[in-house]
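A short worksheet on the structure shown next.
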C-alpha cells in the first residue's frame, strides 16, 4: 500500500466536501475548489475524514493512489490556510511596484516595464524596501505556476546573482574571467 495514499485526510472545522463520482468540490473559509479525479480512484467521506481507495495493486493505480490523496490534501489546506510563495528581486535598478488593480509593474533592466496581471484567485503583495513579492492564493498549483512565471522574466544569473529568485533559494556563483597575468 502507498504510505501517502492510505493516510486519511482530516477535515477541519468549517470545511465541506461534495463528492459526485470522480468530481470533488471542497468549500472552506477562504473559498472553494473543485477538481476532477481519475475515475478508478474511490474517494469516501467517513467520520469527518476523507479516504482514497484504489481498485487493484497495479503500478498505474498505485501511482494514482498517492497523487489523488496529495491533491485532495492540498485542496483542504488551500481552503483553510491558503498557500504563498515569496520572491525577491536582486539587482541595481530592479524595482517592483504594486498597481491599483492588483497587478505588478516590474523594472528588470529591459527597455520597458513588465506588467504582470494576477490570475483569478491570486493576490500579490509587495514589500517596497526589501523588494519581496508575495504570491498567495488557495490553489497550490496556480500559486506555484504564477510565481514561476514571474521568476521566468529574469531568472538569477550565475555571475552577479542579479534577477528574481525564491526567498531562500541559493544561486551558485561562477568565478568569471580570471584576468591576464602580465
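No value in this document is a laboratory result; all are computed from the given coordinates. On a predicted model such as this, the values are computed, not experimentally measured, just so you know. Every residue, glycine as well, gets a Cβ built from its backbone with ideal geometry; the counts of neighbours run over all protein chains shown.
Once Rg and the Kirkwood radius are both taken over the C-alpha atoms of region 13-65, their ratio Rg/Rh works out to 1.02. With r as the distance between the Cβ atoms of residue 84 and residue 110 and R0 = 25 Å, compute the FRET efficiency 1/(1 + (r/R0)^6) and round to 0.05. The formula returns an efficiency of 0.40 here.
Look at 17, 132 and count the other Cβ atoms within 10 Å of each Cβ; fewest to most, that gives 132, 17. Pairs of Cα atoms nearer than 8 Å and 6+ residues apart set the relative contact order; for the chain it is 18 percent. Put simply, the Cα atoms of region 83-166 extend 35, 27, 22 Å along their principal axes, the longest span coming first. Neighbour counting of Cβ atoms within 10 Å sorts the residues 22, 111, fewest neighbours leading, into 111, 22. For the chain, the 222 nm mean residue ellipticity estimated from helices alone, with every DSSP H stretch of n ≥ 4 adding -39500 (n - 2.57) and the total spread over all residues, rounds to -6500 deg cm²/dmol. Between the C-alpha center of region 1-35 and that of region 54-127 there is a gap of 20 Å. In degrees between 0 and 90, to the nearest 10, how far off the longest principal axis of the chain does helix 140-151 point, with axes built from Cα atoms? The answer is roughly 10 degrees. The angle between the Cα long axis of helix 59-80 and the longest principal axis of the Cα atoms of the chain comes to about 70 degrees, rounded to the nearest 10.
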